Amino acid sequence: MTRPLKVGVQLPEVEREVRWPELLDMTRAIEDLGYDSVWAGEHLLYRWPDRAARGPWEAWGMLAALAASTSRIELGPLVACTAFHNPAVLAKRADTIDEISGGRLILGLGAGWNETEFRAFGIPFDHRIDRFAEAFTIIRSLLKDGAIDFEGTYYQARDCELLPRGPRAGGPPLMIGSNGERMLRITAPHVDAWNSWYADTRNEPAGVAALREKVDAACREAGRDPAEIERTVAVQVRMPGGTGREMGDTSAKMTVAPLQGDHETMAEELRSYAREGIGHVQLVIDPITRASIEGFAPVLRLLDAG
């Protein structure tokens, strides 16, 4: 690949109500136009004080359908909340979707943050990191080794086996979606990739360095070469007609300047991310429509040209 980094697209979440035919159409455009990946956020429900509640479609049903409807692009959750699932069943689900896709799943994992959806769906919100640590142990062990016998405080997987196995002997690559020091300590010995949301980098390449050092430090503490973990970040992009993509998190930190401008300006910004060590970006495009996906595609050609 001559492209300096992979470029994917995050599908709509709660910006508007999008039905399956449009999601499929956008995904097929993403594949046909030469993007590298497609991503689905995993949330259940958002509520705000000043507007009506909204929720996205269930991520894993959507990913299975997308896996069966595409042939080339990678796909995954950005990122899956382990608390929403029995972890052994989540490992089974991930291996199944990896099978459907022919080995194209990237399994992004996190602990979740939106208390509203936890409470509404009856999911415990306490001890989130402790719960994640146990869930992560079960998920990674089943996907890597195919079996585990685990008794924890929150989760159990006694004499559990993953059968049949998916297309990759060690399972799909694992990506951690967190900058927390404890989360990095838990996951750095095992994950293949790290992801940060655009607010954490201020949506600019210059914001990568401090986060990259945190990941490097966690790798060194775990006895791993930092180069073994791919670095990925989300990038917010403003296309014609964009008015500010409505997201679930409306906290002050989410207010950043979107990437916008002509094709060469946007291509050079992505080259700058690559120079900061980023190997894969997930575009959060405003507005998220087929027209915007098509409108950004010339940037890919510029990246491919060097």
(message) Quick check on my filter: what residues within the stretch 23-54 are in a loop (DSSP other than H, G, I, E, B) and either acidic (D, E) or under 26 Å from E117 (Cβ atoms) (or both)?
(response) D36, G41, E42, H43, L44, L45, P49, D50
(message) Report every pair of residues separated by at least 6 positions or lying on different chains whose Cβ atoms are under 9 Å apart, first residue within the stretch 3-25 and of a type in the set (D, E), second surrounded by 17 or more Cβ atoms within 10 Å (Cβ to Cβ) and assigned to a strand (DSSP E or B).
(response) E13/A40; E13/Y46; E13/R54; E15/R54; E15/D286; E17/R54
(message) Which condition from (1) touching a Cys at 6+ places or on another chain (Cβ under 9 Å); (2) crowded, with 18+ Cβ neighbours inside 10 Å is the one that E228 breaks?
(response) (2)
(message) List pairs: first residue in the stretch 147-175 and polar (S, T, N, Q), second residue part of a strand (DSSP E or B) and surrounded by 13 or more Cβ atoms within 10 Å (Cβ to Cβ) anywhere in the structure, Cβ distance under 7 angstrom, at least six positions apart or on different chains.
(response) Q156/F150
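Please pick out the residue among I138, I106, I123 that is in contact with an Asp or Glu (Cβ under 6 Å, 6 or more places away or on another chain), at pLDDT 95 or above and within 26 Å of N179 (Cβ to Cβ).
Values: I138 fails: in contact with an Asp or Glu (Cβ under 6 Å, 6 or more places away or on another chain); I123 fails: in contact with an Asp or Glu (Cβ under 6 Å, 6 or more places away or on another chain).
The conditions single out I106.
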(message) Can you tell me which residue is surrounded by the fewest Cβ atoms within 10 Å (Cβ to Cβ) among those in the stretch 1-22 that are in contact with a strand residue (DSSP E or B) (Cβ under 6 Å, 6 or more places away or on another chain) and assigned to a loop (DSSP other than H, G, I, E, B)?
(response) V14
(message) So P189 passes all but one of these: (1) open to solvent by 40 Å² or more (accessible area, probe 1.4 Å); (2) more than 29 Å from R231 (Cβ to Cβ); (3) in contact with a helix residue (DSSP H, G or I) (Cβ under 8 Å, 6 or more places away or on another chain). Which condition number does it fail?
(response) (2)
(message) Whether any residue in the stretch 234-254 is loosely packed, with under 15 Cβ neighbours inside 10 Å, without any contact (Cβ under 8 Å) to a residue 12 or more places away in the chain and not in a loop (DSSP other than H, G, I, E, B) is what I want to check.
(response) yes
(request) Could you give me the residue pairs with C-beta distances under 8 Å whose first residue belongs to the stretch 201-217 and is within 11 Å of I278 (Cβ to Cβ) and touching a residue at least 24 places away in the same chain (Cβ under 8 Å), whose second residue is open to solvent by less than 60 Å² (accessible area, probe 1.4 Å) and among the hydrophobic types (A, V, I, L, M, F, W, C) wherever it lies, and which are 6+ apart or on separate chains? (result) T201/V208; T201/L211; T201/V233; P205/I278; V208/V233; V208/I278
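The values are calculated or read from the model by the stated rules, or taken from the named source; none is laboratory data. None of these values were measured; they are calculated from a predicted model. Glycine gets a Cβ as well: all are built from the backbone with ideal geometry, and neighbour counts include every protein chain shown. Accessible surface is based on the protein model in full, side chains and every heavy atom, while ligands, DNA and RNA are left aside. Shrake-Rupley method; radii C 1.70, N 1.55, O 1.52, S 1.80 Å.
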